[in-house]
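Enquirer: Let me give you the structure first, and then I'll get to my questions.
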Amino acid sequence: MGAPQRQPAAASDTRRQARDHLLLNFTDMGEYADAGSKIIVRGEGCDVIDDGGRRFIDGISGLFCSNLGHSYGAEIGEAAAEQLAILPFTPTWYLAHPSAARLGARLAAHAAPLGMQRVFFTNSGGEAVESAWKLVRQWHAVNGEPQRTKAIARRLAYHGTSMGALSFTGLPDCRAPFEPMAVPTTFLSNTNAYRHPAGHDPAALTRALLVEAEDAIILAGPDQVAMLIAEPVQNSGGAFVPPPGYWAGLRSLCDRYGIILVADETITAFGRVGEWFASSLFDGRPDIITFAKGVTAGHAPLGGVLMTERMAEPFVTGGETYMHGLTYSGHPLTTAIADRVLEIYERDNVLGNVRELAPRFAAGLEELRRIPLVGDVRGMGFFWALELVKDRETKQLFDADEADWLLRKELSRHMDELGLLCRLDDRGEPVIQLSPPLVSDAALLDRILNIVGTATERAWRAWNGAPSAAPLPMGSSALRSANPHVGAA
Ligand SMILES: Cc1ncc(COP(=O)(O)O)c(C=O)c1O
C-alpha cells in the first residue's frame, strides 16, 4: 500500500496556523497578524507564487540562497531520495560516508586556487562562523597563544545570531538584548565608499581603512587579537565592494600581527559574484572561508568552514583534535544535495551566466541613477544595492520615520504590486537590495530593472507629494500585504 497523499492545507488554514503557532525570524508577530502577510506556496523558474496565485520574481533568491531558482527541485530531489534510500544518516564523528567525502573533494577542487583542501561542515552560516571562531581559538592555543581571545569585525556586518557569531555582528539592534557579548570584538568601518570621507579616492579610502584597522589592532593589543572577520563584499548596509588593495592590506596586517583572516562567504561564494569564492577576486587570501546558502542553493541547510593547510595542520598531522562537533555536521542528505547542486553549477555553466550578464545588469542599475532618490549604486555580479537619499547633492539621509515610510509604506507596496521580491533594508542607510537567482536570463534581469525603476520613480513622486501614477510594466493584481523582505536579518 502506498503512503497516503497529504492534501495541501487550504490557504486560510496556513495563514491561521502560521499566525497562531509560528514565531517567525526577526518578525513583529503582532504586525504580521494584522498585515495577513504572504504565504508562498510554490516556486517556478525564478518566480515564487503565493496562495492567491500571485507570482513574484524572486529578486533576492529567497534570502541569498536560491541561486538555481525554483525549478531544479525534482532533479536535486532524486539525489536526496537516492541518498535516503541508501543511508539516511550516519554521523561524521570519527566515521565518514561517500556523500560528505565526495562533497569535500568537490569543494577542495574549487578552493584549490585559494590553497584550501579541507572542510568542516555545519548546518548554517552562523554555525560556520562560530565553528571558524573555535578553530581559530584552538589553533592559537596549540600554537602557544591562548591569550588571543579578541576579534575584529566591521560595522553593520551580519555574521549570524548564535552568541559567538553575534559577537561579530555589527548591528547594535541585534546585539542589544543579549549584551554582554561572548567575544570582545572591535568594529571597523566597512567599505562604504559612498559615505566614507575618503570614498571619492579609492587609494585614499584603502589607506584610511587600513590605518583604522591597524590602530584598532594596536589598541586591542596585537597579541590579544585572534581573528579578523569580513565579507569580501559586505551584504548588510548594501553590497559594499572593497576598494583596490584593501584585502591585500588586511592580509599583510594579519601577517604582521599574527591574526587569522576569515572571509565570511556565506553569501558571496558559489557564483553570487561570478566566482566559486569571491576571495579569489581580491589579492589578500584568507586563512579561512565560511560558506552556507549557495552551497545547496537553498535546497537544504548546510554550511561549512574551509581552511588552508596551515590552519588544518595541528588537527591533521599535529596530533591535536578539533574540540568541536555537531550531530548533523556532514549529514548524508544535505551533503548529497550540495554535491548535486555544485554538479549543476558546473554542468550548466551557472557561474558563466553570471559573468556574462553581470555587465548588462550593472549598466541597467547604473541607469537608475536618473531617479533623484538613487544616491548610490554598488555591487558586483548578481549582488547589488541602491542607496536611497533625500537629496543627492548633499547625500542627505532620511530620518528613521522617513526611511520607514519610504521602505515599508511606499517601495514595499509598489514592489509588491509590480511583482518583485527584493530586500528593502534600513539597518544602515535605506537600500534596495537585489540578488536574483544566478540562472536569471537577460529578459528577467530587464524585468527586474524595469520594476525597480518604476517603483523608485513612484516613491520619488510620492515623496514630493505627487500621486504615484506610473503605469504598471507587467500585469499584477491588487496589493494585499507588506513585502516580507523588509526586515532586520
Ligand atoms: C555573511 C553572513 N554570515 C552569516 C550569516 C548567518 O547565516 P545563517 O542564517 O545560515 O546562520 C548570514 C546570513 O544571512 C550572512 O549573510
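Enquirer: Spin-label point model (7 Å from Cα, Cβ direction): what's the N25 to E309 distance in nm?
Expert: The answer from the label model is 3.7 nm.
Enquirer: Neighbour counts of other C-beta atoms within 10 Å: give me R154, R137 arranged from fewest to most.
Expert: The order, fewest Cβ neighbours first, is R137, R154.
Enquirer: Give me the net charge for the shell around V316: Cβ to Cβ below 10 angstrom, other residues only, Lys and Arg +1, Asp and Glu -1. Please list the in-between numbers first.
Expert: Details: positive: R118; negative: E309, E313, E320.
Here the count lands on -2.
Enquirer: Which whole-Hz ³J(HN,Hα) couplings does region 267-272 yield from phi under the Karplus relation 6.51 cos²θ - 1.76 cosθ + 1.60, θ = phi - 60°, glycine and proline marked x?
Expert: Rounded to whole hertz, the list is 9, 7, 6, 6, x, 4.
Enquirer: Report relative contact order for region 332-438 in percent, whole number only (criteria: Cα-Cα under 8 Å, sequence separation at least 6). Let's see the in-between values first.
Expert: Details: 115 pairs, mean separation 24.3, N = 107.
So the answer I get is 23 percent.
Enquirer: A follow-up question, please. How large is ³J(HN,Hα) for each residue in region 171-178, as worked out from phi by the Karplus curve 6.51 cos²θ - 1.76 cosθ + 1.60 (θ = phi - 60°), to whole Hz, x for Gly and Pro?
Expert: Per-residue couplings from phi come out as 10, x, 5, 6, 8, 3, x, 10 Hz.
Enquirer: Another question, if that's okay. Going by C-beta contacts inside 10 Å, put V136, V262, V350 in order with the fewest on the left. Walk me through the intermediate numbers first.
Expert: Values: V136 25, V262 31, V350 22.
Arranged by neighbour count, lowest to highest, V136, V262, V350 become V350, V136, V262.
Enquirer: Sorting M227, M29, M311 on the 10 Å Cβ count, fewest up front, what's the list? Intermediate values should be presented prior to the final figure.
Expert: On the way: M227 28, M29 13, M311 22.
Least to most surrounded, the residues fall as M29, M311, M227.
Enquirer: Let me ask something additional. Can you give the local net charge around H414? Use residues other than it whose beta-carbon is closer than 13 angstrom to its beta-carbon, Lys and Arg +1, Asp and Glu -1.
Expert: Details: positive: R408, K409, R413, R458, R461; negative: E410, D416, E417, E457.
With Lys, Arg at +1 and Asp, Glu at -1, the neighbours total +1.
Enquirer: At a 10 angstrom cut-off on C-beta neighbours, averaged per residue, how do the peptides 60-69, 429-438, 112-121 rank from highest to lowest?
Expert: Values: 60-69: 23.6, 429-438: 25.6, 112-121: 19.2.
Highest-to-lowest ranking by the protection proxy: 429-438, 60-69, 112-121.
Enquirer: Now, a different point. Roughly what % of DSSP beta bridges within the chain run antiparallel, to the nearest 5? Display every interim value, and only then the final one.
Expert: Working: 32 of 48 bridges.
Here the antiparallel bridges make up roughly 65 percent for the chain.
Enquirer: Counting pairs of alpha carbon atoms under 8 Å apart in space and at least six apart in sequence, what relative contact order in percent does region 75-347 give?
Expert: On the way: 528 pairs, mean separation 78.0, N = 273.
Once divided by the residue count of region 75-347, the mean separation gives 29 percent.
Enquirer: Could you count how many Lys pairs in the chain have their Cα atoms under 28 Å apart, skipping same-chain pairs fewer than 8 positions apart? Please report the intermediate quantities before stating the final value.
Expert: On the way: K38/K293; K38/K409; K134/K150; K134/K293; K150/K293; K390/K409; K395/K409.
Count of close lysine pairs: 7.
Enquirer: How charged is the neighbourhood of R272? Take every other residue with its Cβ under 13 Å from the Cβ of R272, and add Lys/Arg as +1 and Asp/Glu as -1.
Expert: On the way: positive: K293, R355; negative: E231, D264, E265, E275.
For residues surrounding R272, the net value is -2.
Enquirer: Okay, moving on. Could you work out the relative contact order of the chain, using alpha carbon pairs under 8 angstrom and six or more residues apart, expressed as a whole percent?
Expert: Numbers: 941 pairs, mean separation 95.6, N = 489.
Reported relative contact order: 20 percent.
Enquirer: Given a cut-off of 22 Å, what percent of all Cα-Cα pairs of region 150-307 lie beyond it?
Expert: Value for region 150-307: 39 percent of Cα pairs lie more than 22 Å apart.
Enquirer: Output the DSSP H helices from the chain with an along-axis C-alpha extent of no less than 30 Å and a mean Kyte-Doolittle hydropathy no less than -0.5. Can you show the working numbers first?
Expert: Numbers: long enough: 442-463 (31 Å, 0.27).
Qualifying helices: 442-463.
Enquirer: Another question, then. How many nm separate the modelled label positions at E214 and E75, each set 7 Å beyond the Cα in the direction of the Cβ?
Expert: Computed distance between label sites E214 and E75 equals 5.0 nm.
No lab work stands behind these numbers, since they all come straight from the coordinates. Predicted, not measured: the structure shown is a model, and the values here were computed from it. Cβ: placed from backbone, ideal geometry, glycine included. Neighbour counts: every protein chain shown.
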